[in-house]
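Here the structure comes first, spelled out in structure tokens, and everything after it is commentary.
The values are calculated or read from the model by the stated rules, or taken from the named source; none is laboratory data. The structure displayed is predicted, hence computed values, not measured ones. Every residue, glycine as well, gets a Cβ built from its backbone with ideal geometry; the counts of neighbours run over all protein chains shown. Ligands, DNA and RNA are stripped out before the accessible areas are found, and what is left, the full protein with its side chains, is counted by its heavy atoms. Shrake-Rupley method; radii C 1.70, N 1.55, O 1.52, S 1.80 Å.
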Amino acid sequence: MDKNAHDKEHSGDQQHGLANFLEETLERVIFGSRWILAVFYLVLVLAQVALAGKFLQHSAHLAHSFWSMSETEFVMGMLSLIDMTLMANLMILVIFSGYENFVSVIGVAQRSPDRPKWMGDVDFGGLKLKLIGSLVALSSLNLLGAFYNLETKEDKEITWMLIIHVTFVITGVLFAFSEKIAGHGVNSAKQQDH
């Protein structure tokens with residue numbers, strides 16, 4: 001083998017090695033970028049703490065005003081507490097499922113006897129279905145609250161609330177139907193395991 005052929009082969013190996021190094025480095029950076037999402041989930045945890053504070057404040061106000069409240073005011077107060085509870089549930093669902101689907105498996109939860117049964121079973125399609133279901137439930141509560149206070153609401157406001165609610169319901173049904181057709185439903189992974 002002459003010197004020129006050897007130099008060309010050595011140069012080709014170096015270029016190939018450099019290309020592999022750059023590709024691997026780029027892939028590591030892209031793969032590691034998923035950890036940026038952890039910031040979003042941490043902020044959602046802080047938002048949940050703030051929501052818990054508002055829940056306690058509202059509960060204290062309800063307890064303090066209980067005897068002087070009308071039945072409608074009491075029901076509206078309870079609907080508000082249920083609304084906040086559903087929002088907190090939705091936030092936990094987004095935090096846990098989002099983190100596990102896009103960042104990393106929650107190792108502490110893997111070893112915990114208190115691990116929620118749905119954790120790890122909710123794929124992205126299932127998460128979207130649960131999100132839409134939660135939005136429909138929240139919209140239903142707000143609509144129910146509006147019907148309790150019809151005298152304070154304008155017809156136009158009630159109409160828009162109904163339109164938005166029906167839009168959520170139709171979107172949820174269509175999305176669930178499309179997930180079922182595509183075979184990406186929440187139970188499809190469980191059925192494949194059996």
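Looking at region 53-67, which of its residues are among the aliphatic types (A, V, I, L, M) and either in contact with an Asp or Glu (Cβ under 7 Å, 6 or more places away or on another chain) or open to solvent by 70 Å² or more (accessible area, probe 1.4 Å) (or both)?
Taking region 53-67 as the starting set, the residues that turn out to be among the aliphatic types (A, V, I, L, M) are 56, 60, 62-63.
Within region 53-67, Leu56, Ala63 meet the criteria.
Filter region 95-121 for residues that are open to solvent by 60 Å² or more (accessible area, probe 1.4 Å) and touching a residue at least 40 places away in the same chain (Cβ under 8 Å); which is nearest to Ala47 (Cα to Cα)? That would be Phe102. Residues of region 168-194 that are surrounded by 13 or more Cβ atoms within 10 Å (Cβ to Cβ) and either modelled with pLDDT of 90 or more or not charged (D, E, K, R) (or both): Phe168, Val169, Thr171, Gly172, Phe175, Ala176, His184, Gly185, Val186, Ser188, Ala189. Against the test of being farther than 22 Å from Pro116 by Cβ and buried (at least 17 other Cβ atoms within 10 Å of the Cβ), the options Ser70, Ser80 yield a single qualifying residue, Ser80. Here is the figure for region 31-51: residues that are open to solvent by 50 Å² or more (accessible area, probe 1.4 Å), aliphatic (A, V, I, L, M) and touching a residue at least 12 places away in the same chain (Cβ under 8 Å) total 3. Filtered by the rule that a residue be modelled with pLDDT of 90 or more and open to solvent by less than 50 Å² (accessible area, probe 1.4 Å), region 84-94 gives Met84, Ala88, Met91.
Among the residues of region 120-145, those that are more than 16 Å from Leu86 (Cα to Cα) and either assigned to a helix (DSSP H, G or I) or in contact with an Asp or Glu (Cβ under 7 Å, 6 or more places away or on another chain) (or both) comprise Gly120, Phe124, Gly125, Gly126.
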